[in-house]
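All remarks here apply to the structure that follows.
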Amino acid sequence: MPDDAPKMTNPHATQGFATRMSHAGRAGTHAHGFVNPAVHRGSTVLMPNVRARKEFAKDRYNRVMTYGTAGGPTHYALEDVICEIEGGTRCVLVGTGLAAVTVPLMAYLKAGEHCLMPDSVYGPGRNIATGLMTAYGIETTFYDPTIGEAEIAALMRPNTKVVYTESPGSHTFELQDIPAIARAAHAGGAKVLMDNTWGIHNFMPFQHGVDVSIQALTKYVGGHSDVLLGSITTNTEEDYLIIRNAAGQMGHFAAPDDCWLALRGARTMPVRLKHQEQSGLAVARWFEGRPEIQRVLHPGLPSHPQHALFKRDFTGSCSLFGIVFQPRYTEAEVFGFIDSLALFGIGASWGGFESLALPTTGFITRTATSDDLGGFTVRIHIGLEDVGDLIADLEQGLATLPK
Ligand SMILES: *Cc1c(COP(=O)(O)O)cnc(C)c1O
């Protein structure tokens, strides 16, 4: 078996991850012998006769092509690839990663019910909880992402229907004890939703008690900063139908051209991810040795407070992490550092081939925990550039800071 074979993976998969990413989703895609499936754009799907129209309509979520919104061959290929990445059984594709966050929340929660959400949730996920969900009579309690089974159990109410998770947390990188949280959630009759965008295939959600896994395919699967797309993957047919019905009722759809771009990205994702993981760790370790930096927020480093969970549950990391400057540095000085960088773009999103730096301090909301990390914090994304060049650029950037 190739040495990159994930340790914890789809029980049906015996081959390495890169092998499976090269071959998944290519059977039965009407490609007429071409390696890649075509982009099937379309609204109308013509039926052979009127009776067929009536028959097909009953089965519209079961890969029967009845209308554009029911999906077509390009969607099915990508759905298979995503199930292969996460070890799931069914997948629903939606137009953005954010829609992949909001659709399952709306699918499992209704007026009078309660949701638990980690304080380190992706910001727009917090916005729907405090916005539309509140307006629709759904209450959310934000919890410290690092709490375990007993503390989650204590927060559960008879009407708690969703325990949302994201590990590591957006910008602050706390890891969650997902199996412990899932035990408490399931004991109380709630579903466990997880945003697994950082973990991708390095965390296998369904082997740790997750019911519904969310991915922003916009990140490493797309991989080239040119597509927005989200996936919602389930372990059971029952959960799939709940999600598929909700997405269908709200008119969610993933554009076939975007699915094609994500398929193209997925073929090289294992190689890019491995390279970026190594470069990310090299840069993170380099930052740890710098006197200007107080600490580095990277779950793959032994200095991370929940590194034991990382070693237990993850088979690797991606290339997104945080750096906390020494408290003596002001916002203006850190902004000067970021502005001085030649190879790091200043922009949201991550997972592309290019490096990014983005301030965290002042851009995040925390209500159950403190947003003070002890110094000005910057989120770093490491791309595919040569790591020596990235470090040289960062070194000249740190040199702009007062001693
Ligand atoms: C980017 C991101 C999303 C949303 O993805 P979009 O495609 O940009 O809407 C969701 N979750 C996490 C953790 C993200 O970083």
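The values are calculated or read from the model by the stated rules, or taken from the named source; none is laboratory data. No experiment lies behind these values; they were computed from the predicted model shown. Cβ: placed from backbone, ideal geometry, glycine included. Neighbour counts: every protein chain shown. Ligands, DNA and RNA are stripped out before the accessible areas are found, and what is left, the full protein with its side chains, is counted by its heavy atoms. Shrake-Rupley method; radii C 1.70, N 1.55, O 1.52, S 1.80 Å.
To the nearest 0.05, what FRET efficiency results for Ala308 and Glu55 with a Förster distance of 60 Å applied to their C-beta separation?
Values: r = 55 Å, r/R0 = 0.91.
In this case the efficiency is close to 0.65.
Accessible area per residue for the stretch 269-398 in Å², computed with a 1.4 Å probe and the full protein assembly in place, what is it?
40 Å²
Rounded to the nearest percent, how much of the accessible area of the stretch 17-265 (1.4 Å probe, protein heavy atoms only) is carbon and sulfur? Kindly include the intermediate steps, with their values, before the conclusion.
Numbers: 5370 of 9820 Å².
Carbon plus sulfur share of accessible area: 55 percent.
In the chain, what is the count of Lys pairs whose alpha carbons are under 27 Å apart, counting only pairs at least 8 residues apart or on separate chains?
Summing the qualifying lysine pairs gives 13.
How high is the FRET efficiency from Asp339 to Leu46, r the C-beta distance, R0 56 Å, rounded to 0.05? Don't skip to the end; give the middle numbers.
Values: r = 56 Å, r/R0 = 1.00.
My answer for the efficiency is 0.50.
Could you tell me the accessible area of Glu331 in Å² (1.4 Å probe, neighbours in place), rounded to the nearest ten?
About 100 Å², rounded to the nearest 10.
In the stretch 269-398, what percent of the accessible surface is made up of carbon and sulfur (1.4 Å probe, ligands and nucleic acids excluded)?
Ligands and nucleic acids excluded, carbon and sulfur reach 56 percent.
Once you list every other residue whose beta carbon is under 12 Å from the beta carbon of Gly137, what net charge do they have if Lys and Arg are +1 and Asp and Glu are -1? Present the calculation step by step, with values, prior to reporting the outcome.
Details: positive: Lys110; negative: Glu113, Glu139.
Neighbour charge sum, excluding Gly137 itself: -1.
On a full-extension model of 0.36 nm per residue, what is the gain between Glu385 and Thr134, subtracting their alpha-carbon distance, rounded to one decimal in nm?
Working: separation 251, 0.36 × 251 = 90.36 nm, distance 4.36 nm.
Taking 0.36 nm per residue and subtracting the Cα distance, the gain is 86.0 nm.
Using a 7 Å offset from Cα along Cα-Cβ at Met250, what residues in the stretch 56-98 end up with backbone N under 18 Å from the label point?
Within reach of a label on Met250, which here means backbone N under 18 Å from a point 7 Å along Cα→Cβ, the stretch 56-98 contributes 69-71, 91-98.
Residues of the stretch 251-267 with the amide nitrogen closer than 19 Å to a label point 7 Å from the Cα of Asn36, along Cα-to-Cβ, please.
Label zone hits: 254-267.
According to the Cα gyration tensor, what semi-axes, each the square root of 5 times an eigenvalue, does the equivalent ellipsoid of the stretch 269-398 have, listed from largest to smallest in whole Å? Show your work: numbers first, answer last.
On the way: eigenvalues 90, 75, 38 Å².
Working through the eigenvalues yields semi-axes of 21, 19, 14 Å.
Just reorder Asp339, Asp195, Asp80 by solvent-accessible area, largest first, 1.4 Å probe, all chains present.
On the way: Asp339 110, Asp195 15, Asp80 60 Å².
The most accessible residue leads, giving Asp339, Asp80, Asp195.
Between Glu395 and Val64, 0.36 nm times their residue separation minus their Cα-Cα distance comes to what?
The Glu395-Val64 span can extend by a further 113.6 nm.
Quote to one decimal, in nm, the extra length available between Thr365 and Gln278 on full extension: 0.36 nm per residue of separation minus the C-alpha distance between them. Kindly include the intermediate steps, with their values, before the conclusion.
Values: separation 87, 0.36 × 87 = 31.32 nm, distance 3.04 nm.
28.3 nm is the gain from fully extending Thr365 to Gln278.
In the neighborhood of Asn36, defined by Cβ-to-Cβ distances under 12 Å, what is the net charge if each Lys or Arg adds +1 and each Asp or Glu adds -1?
Value of the local net charge: +3.
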